[in-house]
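Since the structure comes first, as structure tokens, the remarks are kept for the end.
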Amino acid sequence: MKVLSIVGARPQFVKLAPIAHALDAAGHEHVIVHTGQHYDEKMSDVFFADLGIPAPDVHLGVGSGSHGVQTGSMLTQLDAVLEEHDPDWVLVYGDTNSTIAGALSAVKLHYPLAHLEAGLRSFNRRMPEEHNRVLTDHAADLCLAPTEVALAHLTDEGLGERAVVTGDVMTDVCLATAERVRDRQPDLPEGVVAGEYVLSTIHRAENTDDPDRLSAIITGLAALPYPVVLTAHPRLVAKAKDQGLDLTQGSLHTIEPLDYPAMVGAVQHARAVVTDSGGLQKEAFLLRTPATTVRTETEWTETVDLGWNVLALDLDRLTELVDRPAPEPTDATPYGDGNAAAATVTALEEHLPRR
Ligand code: UD1
């Protein structure tokens, strides 16, 4: 079986790692296409190095741009790549512009398309990620759902017959990495002590691109009564600069994006996480660090239902939310047991369309 993976943004490299290893272990051929959506070393290369992912076979080098420009630039190059490699499956990941570009190119050329992390829904149609994931699910021949909740969404949309629950591949990487870094002290900014800081990331367009909202978030974080280690995505740095917002005010200790093992270590040693990242909400849950999510909804509803994540609907209450009583301990595993990549490869083998 020949699988062609299309990735381009930071969280996709994390998901690619266990898939690349599982495909290799099962003796399958795997072609990796990097669209170049993320290109800074700390947003891309370090993930390949730290997670042992083979170098991409193809790099499209598209870089940044508006949604249409970025997605279109991927599309103009992908047809030739798919035809050259002629895969049995095109595998796309998550919900970024690289996902939708890969999906469109595959279906137009009649290549079987599998969508990893299918069925997630925020039901917020203003999010670019929501367009990307809904359209990709409906184009896919095989929807690889990470959870039962995701499967229920697919079933509601008439896609249940094409869906398989595999568990979440991010659980595979997160738990394996946590084991590797367990005894390592996190590399913290001067004066910040393990166990006493809040770890934060803010990067989503709905937070960074609305000046009033971004200002309220940064002011709220700066006012927390704990040191806040803010790992800053380039989008946040650029938008804060445009607005003259100081990312070092109050409690803030702003640092560059962390590589994956450092991020897992930083979550493990934090007293709390404040984020708008889907991946980080879940990693916080897996590592049992309470999270507060700076969004009006979440796709990872299990983290909220189990009490380990709350939505910061009112930014004025951020301190109160971060300081809430510790959640009930739980041994629930809504995201699987760390074997989702092997289950994904089995699903691809079992559903391989005849060509
Ligand atoms: C993208 C995904 C988002 C995902 C996130 C993970 C889409 C629509 N969004 O958002 O779902 O959660 O990746 O990080 O695909 N930039 C750099 N260097 C880089 C990459 C980006 O400086 O290596 C800057 C550029 O100014 C760019 C901006 O960040 O314009 C946004 O990058 P882009 O890839 O458009 O989207 P993300 O915000 O990263």
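Things worth noting here:
- Relative contact order, percent, segment 146-244 [alpha-carbon distance under 8 Å, six or more residues apart]: 23 percent
- Segment 27-185: C-alpha gyration tensor shape, a/c 1.5 cut-off, then a/b vs b/c: rounded
- Cβ crowding within 10 Å averaged over residues, with 170-178, 347-355 ranked highest first: 170-178, 347-355
- Whether segment 122-264 is rounded, prolate or oblate, judged on the alpha carbon gyration tensor where a/c under 1.5 counts as rounded: oblate
- With semi-axes defined as the square roots of five times the eigenvalues of the C-alpha gyration tensor, the equivalent ellipsoid of the chain measures 33, 22, 19 Å, largest first.
- Using only alpha-carbon positions in segment 229-304, the gyration tensor eigenvalues give semi-axes of 23, 15, 11 Å once each is multiplied by 5 and square-rooted (largest first).
- Modelled spin labels at residue 28 and residue 157, positioned 7 Å past Cα toward Cβ, are 2.2 nm from each other.
- Only DSSP H runs of four or more residues enter the estimate; each adds -39500 (n - 2.57), and after division by the residues of the chain the mean residue ellipticity at 222 nm equals -12500 deg cm²/dmol.
- Derived scalar couplings between HN and Hα for segment 250-256 equal x, 7, 6, 10, 8, 10, 6 Hz in order, rounded to whole Hz, by the Karplus curve 6.51 cos²θ - 1.76 cosθ + 1.60 (θ = phi - 60°), x for Gly and Pro.
- For segment 269-314 versus segment 223-260, the spacing of their alpha-carbon centroids is 19 Å.
- Packing-based ranking, highest mean first, of 226-234, 66-74 given that Cβ atoms within 10 Å are counted: 226-234, 66-74
- Pairs of Cα atoms nearer than 8 Å and 6+ residues apart set the relative contact order; for segment 178-323 it is 25 percent.
- Our coupling estimate for segment 309-318, obtained by passing each phi through the Karplus curve with A = 6.51, B = -1.76, C = 1.60 and θ = phi - 60°, is 9, 10, 8, 8, 6, 10, 5, 5, 9, 4 Hz, Gly and Pro reported as x.
- 30 Å Cα-Cα reach of residue 241 towards lysines, excluding residues that sit fewer than 8 places from it in its own chain: 42, 282
- At least 20 Å along the helix axis (C-alpha) and Kyte average at least 1.6, DSSP helices within the chain: none
- Look at the alpha carbon pairs under 8 Å that are at least 6 residues apart: their mean separation over the length of the chain gives a relative contact order of 16 percent.
- Set against the 2.2 N^0.38 Å expectation for a compact globular protein, segment 178-323 has a Cα radius of gyration ratio of 0.96.
No value in this document is a laboratory result; all are computed from the given coordinates. What you see is a predicted model; the values in this text were computed from it and never measured. Virtual Cβ from ideal backbone geometry, glycine too; neighbours counted across all protein chains shown.
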